[in-house]
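What follows is a short report on a single structure.
The values are calculated or read from the model by the stated rules, or taken from the named source; none is laboratory data. Note that the coordinates shown come from a computational prediction; the quantities given were computed from them, not determined experimentally. Please note: Cβ atoms are built from the backbone with ideal geometry, for glycine as well, and neighbour counts cover all protein chains shown. For the accessible areas, the whole protein counts, side chains as well, though only heavy atoms, and no ligand, DNA or RNA atoms are used. Shrake-Rupley method; radii C 1.70, N 1.55, O 1.52, S 1.80 Å.
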Amino acid sequence: MIKILHLSDIHLGSSFSHGRINPETGLNSRLEDFIATLGRCIDRAIAEPVDLVLFGGDAFPDATPAPYVKQAFAAQFRRLVDAEIPTVLLVGNHDQHSQGQGGASLGIYRTLGVPGFVVGDSLETHTIQTRNGAIQIITLPWLTRSTLLTRPETEKLSLEAVNQLLIDRLTVVLEGEIRSLNPELPTILLGHLMVERANLGAERFLAVGKGFNIPLSLLTRSCFEYVALGHVHKHQNLNRTNDPPVIYPGSIERVDFSEEKEEKGFVLIELEKGKVKWEFCALPARAFCTIKVDLSKSDDPQQMVIKAIQKHKIEAAVVRLIYQLRSEQLDLINTAELHDLLRSAHTYTIQPELVSQLARPRLPQLGTQGSSLEPLDALKTYLTSREDLQGFQSEMMEAAQLLLAGEK
């Protein structure tokens with residue numbers, strides 16, 4: 001029986017805006033959270049001990065993290081080298097250089113020849129010898145259209161036709177790997193993918209214009225004992241029949257408030273040829289808490305917002321207080337008292353909203369006579385009006401530019 005720890009989407013160096021500087025270390029407290037949580041994953045791998053660690057991609061927010069962030073990542077994974085636990089590091093979309101120059105943030109581990117480390121930056125089968133036997137890992141990193149298709153092949157094709165062509169091309173390449181497998185050895189597909197039917201979280205818009213959806217049927221193959229995925233931050237099993245399990249472990253820490261209600265963790269697996277058991281293991285990730293209250297109809301808005309705060313467990317949590325009120329109520333709010341009440345939170349923000357500003361903004365009409373805005377300008381205006389999309393503006397604008405340019 002081979003024991004495996006499957007984790008993904010570490011995103012070390014994310015969420016700094018929700019932290020504060022630790023005066024003793026000089027580090028952002030959220031970086032310290034992520035390091036501590038990653039440390040718990042490595043602790044468990046060593047304590048079991050597991051025979052293999054699979055990382056499903058997205059080590060950092062981008063391919064060029066700060067040196068001290070890279071050092072923190074390396075310090076944790078070095079512990080697996082010391083424990084002689086083989087590790088596969090898959091390249092995710094955030095690990096790839098923006099100019100398409102490969103897995104810049106993880107390729108160094110191959111260059112240095114780190115013992116027991118495999119970097120998965122191509123569709124390839126790796127046979128890994130563990131303490132309890134050999135296992136085959138097919139690595140399927142984040143793929144873009146340019147990975148599988150050339151520009152001439154996609155000219156004059158609809159988006160739907162391009163996507164189908166991508167799936168057909170991937171099916172052929174994957175089938176080639178499957179036919180070369182040793183039928184006597186257990187096999188895992190390790191992929192950083194956007195799979196159809198996945199329940200998306202913070203990654204909802206990050207693949208716009210760059211990746212494509214993989215049909216679940218492409219992954220539910222009898223030759224796989226387990227399908228280990230990365231990319232989607234919400235833990236889920238896409239194949240309830242477990243033949244094979246198709247598992248997103250999710251991210252190990254909350255990146256932002258879109259993941260407020262998601263449980264974070266990793267997956268422990270025990271398998272042999274034709275047999276698998278898996279278990280989701282929750283991690284004590286930093287809590288996020290949204291307190292939202294409408295004060296616009298209250299005669300005593302201060303007491304109402306105080307009661308709203310007192311109903312929530314805010315100690316050591318990342319908190320955002322959002323209260324809605326009328327302009328004439330502004331002088332009735334004692335913000336100093338609110339700051340005092342929120343002091344036990346790890347960090348907090350206070351966001352007052354005037355009800356007169358809550359109406360849906362009038363958006364420019366695309367394609368109507370007399371509109372003064374071009375489509376891209378109209379889209380930019382819309383995105384600017386949506387606070388919940390602030391982190392995705394560049395990705396969505398890039399996708400729109402590609403569509404308008406006729407690139408499929």
Quiz item: So what are the ³J(HN,Hα) numbers for region 73-85, from phi and the Karplus equation (6.51, -1.76, 1.60; θ = phi - 60°), rounded to whole Hz, Gly and Pro as x?
Solution: 4, 5, 4, 6, 6, 4, 4, 6, 4, 4, 8, 6, 9
Practice problem: May I ask you to evaluate 6.51 cos²θ - 1.76 cosθ + 1.60, the Karplus curve with θ = phi - 60°, for each residue of region 184-190 and list the ³J(HN,Hα) values in order in whole Hz, giving x for glycine and proline? | Solution: 8, 9, x, 9, 10, 8, 10
Quiz item: What order do you get for 115-126, 307-318 when each peptide is scored by the mean count of other beta carbon atoms within 10 Å, highest first?
Solution: 115-126, 307-318
Practice problem: Would you please give the residues with an amide H less than 5 Å from that of ILE322, counting only those at least 5 places away or on a separate chain, with H modeled from the backbone geometry? | Solution: ILE291, LYS292, VAL293, GLN351
Quiz item: Measuring from label point to label point, each 7 Å out along Cα→Cβ, what is the GLN310 to GLU272 span in nm?
Solution: 6.0 nm
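Which FRET efficiency value, to the nearest 0.05, is calculated for LEU185 and LEU354 with the Förster distance at 51 angstrom and r the Cβ-Cβ distance?
Values: r = 64 Å, r/R0 = 1.25.
For R0 = 51 Å, the calculated efficiency reads 0.20.
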Quiz item: Which whole-Hz ³J(HN,Hα) couplings does region 250-263 yield from phi under the Karplus relation 6.51 cos²θ - 1.76 cosθ + 1.60, θ = phi - 60°, glycine and proline marked x?
Solution: x, 6, 8, 9, 6, 7, 7, 6, 5, 9, 3, 9, 8, 7
Quiz item: Using modelled amide H (1.01 Å from N, peptide plane; none on Pro or chain starts), what sits under 5 Å from the amide H of ASN239, excluding residues fewer than 5 places away?
Solution: VAL246
Quiz item: Taking amide H positions as placed 1.01 Å from N in the peptide plane, with prolines and chain starts having none, which residues 5 or more places from LEU140, or on another chain, fall under 5 Å of its amide H?
Solution: LEU190, GLY191, HIS192
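Between LEU159 and ARG240, what is 0.36 nm times their sequence separation minus the Cα-Cα distance? Round to one decimal in nm.
Details: separation 81, 0.36 × 81 = 29.16 nm, distance 3.06 nm.
In short, 26.1 nm is gained.
Take every DSSP beta bridge whose two residues both sit in region 1-141, then give the antiparallel share in percent to the nearest 5.
Taking every DSSP beta bridge within region 1-141, about 40 percent pair in antiparallel fashion.
Subtract the Cα-Cα distance of ALA336 and GLU84 from 0.36 nm times their separation in residues, and report this length gain in nm to one decimal.
Details: separation 252, 0.36 × 252 = 90.72 nm, distance 5.44 nm.
Working it through step by step, the gained length comes to 85.3 nm.
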Practice problem: Can you tell me the order of 187-196, 250-259, 274-283 when each peptide is scored by its average per-residue count of other Cβ atoms within 10 angstrom, highest first? | Solution: 187-196, 250-259, 274-283
Quiz item: Along the charge dipole of region 252-355, Cβ charges K/R +1 and D/E -1, which of CYS289, ALA308, ILE333 sits furthest on the positive end?
Solution: CYS289
Quiz item: For the pair ASP294 and SER327, how long in nm is the line joining their label points, each one 7 Å along Cα→Cβ?
Solution: 2.1 nm
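Heavy atoms only, probe 1.4 angstrom, no DNA, RNA or ligands counted: give me THR37, THR241 ranked by accessible area, highest first. Before the final figure, lay out the partial values.
Details: THR37 0, THR241 95 Å².
Accessible-area ranking of THR37, THR241, largest first: THR241, THR37.
Between ALA47 and ASP168, what length comes free when the chain is fully extended (0.36 nm per residue of separation minus the Cα-Cα distance, one decimal in nm)?
Gain on stretching ALA47 to ASP168: 39.3 nm.
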